[in-house]
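Colleague: Okay, here's the structure, questions in a sec.
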Amino acid sequence: MPIVNRVAELQPDLAAWRRDLHAHPELMYDLDRTSAFVAERLRAFGCDEVVTGLGRTGVVGVIRGRRPAATLRGIGLRADMDALPVEELTGLPYRSTTPGKMHACGHDGHTSMLLGAARYLAETRNFAGEAVVIFQPAEEGGAGAAAMIKDGLMERFAIDQVYGMHNIPGLALGSFAIRPGAMMASMDELRITIEGKGAHAAMPHKGVDSLHAGAQLVTALQSIVSRTIDPLKSAVVSICSFHAGHTTNVIPQTAELLGTIRALDGGVRDLIKQRVREVAAGVAQLTGTRIEADIAEGYPVLVNHDAETDNALRVANEIAGGTQVVADTTPIMGAEDFAYMLQARPGAFIFVGNGDSAGLHHPAYDFNDEAILYGTSYWIRLVETTLAA
């Protein structure tokens with residue numbers, strides 16, 4: 001295909017940009033260098049508009065097609081830019097130059113693929129309407145998508161549909177995977193504080209044991225999914241941290257539990273939160289402790305829209321060939337703040353194969369530069385087919 005041939009010509013530049021970004025990771029909203037890197041290239045490509053500072057450090061580029069919009073005014077294509085607080089262990093020549101920070105999720109690759117698509121689309125403009133390239137901060141826990149939406153992303157740039165992409169280790173290079181409906185889980189953070197009464201370990205009857213209450217609470221919380229949720233629904237309650245006490249002969253007065261709640265259905269999500277509070281209250285009454293369960297609401301369920309998923313699937317089949325596209329992939333319990341964009345506009349999120357690499361968020365992970373060819377080509381054809389001239 002001509003597109004693939006042209007992207008192959010751009011590949012050395014795109015890989016070089018990706019490695020530069022990899023060597024200079026930035027976290028959350030603190031993306032001054034990364035945002036400037038992106039904006040500078042969008043201007044050089046000849047984008048009709050380049051807007052910075054949306055959602056604090058987000059960047060948006062607008063590329064107008066050869067003809068005015070036919071039915072859709074424009075579609076948004078989103079890439080995330082932020083790295084993770086991980087110490088890199090790859091030993092690569094372009095490894096992170098900043099201790100404790102690393103592109104361990106491939107956002108450097110996502111940014112480079114979308115930059116490649118922007119460069120091609122600005123050269124050819126073989127579509128009607130507007131392609132809006134969205135470079136988002138703070139996907140890794142900061143809800144950068146919600147921040148950009150709050151700053152008027154969808155309305156200001158007349159976005160009718162929005163699409164996202166993420167690489168997946170273990171999915172073959174050149175492959176894509178997608179599904180309609182719920183594709184990634186919601187994520188809520190759980191913090192439980194238990195207040196008892198400290199005492200000498202030899203005299204437990206004179207105290208109220210917060211650690212004992214916490215142990216019972218952990219067991220009770222783990223039963224919520226198995227005994228409250230429909231077995232045909234997917235959900236997770238995980239307690240990942242338990243802090244109580246400091247020595248061998250003191251019953252601790254306080255304990256703290258930290259964990260996460262995941263679900264693929266909004267109703268299930270609400271039910272779990274309700275049951276967490278009820279279970280905490282029950283254990284408090286049983287043990288004589290005071291228990292507070294604080295649930296910080298995080299990302300919603302990522303739900304792909306049917307028509308836009310079909311559209312994305314057609315394009316993926318064109319780029320990869322049908323045998324390399326999974327049309328009804330299994331949902332995953334990880335969370336992704338692109339879910340906010342799919343609440344604001346119809347669209348679809350797709351996975352692109354990263355081949356045989358270390359897993360996401362692993363200190364030995366590296367984005368596969370060969371995936372650039374497929375991801376960039378997907379973005380280009382998605383615009384040209386969705387906004388057919």
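Every number here is computed from the coordinates shown, using simple stated rules; none is lab data. Because the structure is a prediction, the values reported are computed rather than measured. Positions of Cβ are backbone-derived with ideal geometry, glycine not excepted, and every protein chain shown enters the neighbour counts.
Colleague: For the range 104-232, what is the relative contact order in percent, using Cα pairs closer than 8 Å and at least 6 residues apart in sequence?
Modeller: Value for the range 104-232: 14 percent.
Colleague: Return a whole-number percent for the relative contact order of the range 244-369, with Cα pairs under 8 Å and 6 or more residues apart as the contact set.
Modeller: Answer for the range 244-369 is 21 percent.
Colleague: Determine the gain in length on full extension of the stretch residue 123-residue 343; use 0.36 nm per residue of separation and subtract their C-alpha separation, reporting nm with one decimal.
Modeller: Once the chain is fully extended between residue 123 and residue 343, it gains 76.0 nm.
Colleague: Here is a further query. Would you kindly state the longest site-free stretch of the chain, with sites defined as GluC sites (Glu not before Pro) in a DSSP loop (not H, G, I, E, B) surrounded by at most 15 other Cβ atoms within 10 Å? Working shown, then result.
Modeller: Details: sites that count: 87, 370.
My reading of the result: 88-369 is the longest stretch.
Colleague: Name the residues whose placed amide hydrogens come within less than 5 Å of the amide hydrogen of residue 182, ignoring near sequence neighbours (fewer than 5 apart) on the same chain.
Modeller: For residue 182, the qualifying residues are 304.
Colleague: Normalized C-alpha radius of gyration of the range 107-255, against 2.2 N^0.38 Å?
Modeller: This ratio for the range 107-255 stands at 1.69.
Colleague: So what is the relative contact order of the chain, in percent, for Cα pairs below 8 Å that sit 6 or more residues apart?
Modeller: 24
Colleague: Let me ask another. If you average over every viewing direction, what projected area does the convex hull of the Cα atoms of the range 254-308 give, in nm²?
Modeller: 4.5
Colleague: Here's something else I'd like to know. Can you pull the Kirkwood radius for the range 50-194, inverse mean 1/r over Cα pairs, to one decimal in Å?
Modeller: 17.3
Colleague: Moving on. Give me the net charge for the shell around residue 89: Cβ to Cβ below 14 angstrom, other residues only, Lys and Arg +1, Asp and Glu -1. List each step's numbers first, then the result.
Modeller: Values: positive: 95, 101; negative: 87, 88, 366.
My count for the surroundings of residue 89 gives -1.
Colleague: For the range 294-362, which semi-axes, largest first and in whole Å, follow from the square roots of 5 times the eigenvalues of its Cα gyration tensor?
Modeller: In descending order the semi-axes read 24, 19, 9 Å.
Colleague: In µm²/s, what is D for the range 186-297 at 4 °C and 1.567 mPa s, where D = kT/(6 pi eta Rh) by Stokes-Einstein and Rh is the Kirkwood radius from Cα pairs? Mind showing how you got there, number by number?
Modeller: Details: Rh = 14.4 Å.
Diffusion coefficient, whole number: 90 µm²/s.
Colleague: What share of the DSSP beta bridges in the chain is antiparallel, in percent to the nearest 5?
Modeller: Among the beta bridges of the chain, antiparallel pairing accounts for roughly 65 percent.
Colleague: Right, another one. Using θ = phi - 60° and the Karplus curve 6.51 cos²θ - 1.76 cosθ + 1.60, what whole-Hz ³J(HN,Hα) does each residue of the range 288-299 get, with Gly and Pro shown as x?
Modeller: x, 9, 10, 10, 10, 10, 9, 10, 8, 5, x, 5
Colleague: How big is the chain in terms of Cα radius of gyration and Dmax, in angstroms?
Modeller: For the chain, the Cα-based Rg and Dmax read 23.6, 82 Å.
Colleague: Next question, about the same structure. Quick check: residue separation of residue 9 and residue 388 times 0.36 nm, minus the Cα distance between them. What number comes out in nm?
Modeller: Separation in residues times 0.36 nm, less the Cα-Cα distance, equals 134.0 nm.
Colleague: How much length, in nm to one decimal, is gained on full extension between residue 274 and residue 369, taken as 0.36 nm per residue of separation minus their Cα-Cα distance?
Modeller: Length gained, residue 274 through residue 369: 29.7 nm.
Colleague: May I pose another question? By what distance, in whole Å, do the Cα atoms of the range 55-139 stretch along each of the three principal axes, largest value first?
Modeller: Reported extents, whole Å, longest axis first: 49, 26, 15.
Colleague: Please list, by residue number, everything in the range 240-259 whose backbone N is under 14 Å from a paramagnetic label point 7 Å out along Cα→Cβ of residue 201.
Modeller: Within reach of a label on residue 201: 244-253.
Colleague: Within the set of other residues whose C-beta is less than 9 Å from the C-beta of residue 31, count the net charge using Lys and Arg as +1 and Asp and Glu as -1.
Modeller: Charge balance near residue 31 sits at -2.
Colleague: Can you sort 289, 248, 90 from fewest to most other Cβ atoms within 10 Å of each residue's own Cβ?
Modeller: Lowest count first: 248, 90, 289.
Colleague: In whole Hz, with x marking every Gly and Pro, tabulate ³J(HN,Hα) for the range 155-171 from phi via Karplus 6.51 cos²θ - 1.76 cosθ + 1.60, θ = phi - 60°.
Modeller: Each residue's phi maps through the Karplus curve to give 6, 4, 10, 6, 8, 9, 9, 9, 10, x, 8, 9, 6, 9, x, x, 8 Hz.
Colleague: Let me ask another. So for the pair residue 329, residue 70, with labels modelled 7 Å out along Cα→Cβ, what separation do we get in nm?
Modeller: Distance between label points: 2.9 nm.
Colleague: Okay, moving on. Read phi for every residue in the range 75-92 and hand back ³J(HN,Hα) as whole Hz from Karplus 6.51 cos²θ - 1.76 cosθ + 1.60, θ = phi - 60°, with x for Gly and Pro.
Modeller: 3J(HN,Hα) across the range 75-92, in whole Hz: 10, x, 10, 10, 10, 8, 10, 7, 9, 10, x, 10, 7, 6, 10, 7, x, 6.
Colleague: Same structure again: So who's got an amide H within less than 5 Å of the one on residue 253, skipping anything under 5 residues away but keeping other chains? H placed 1.01 Å off N, in plane.
Modeller: Close amide H contacts, sequence-distant or interchain: 198.
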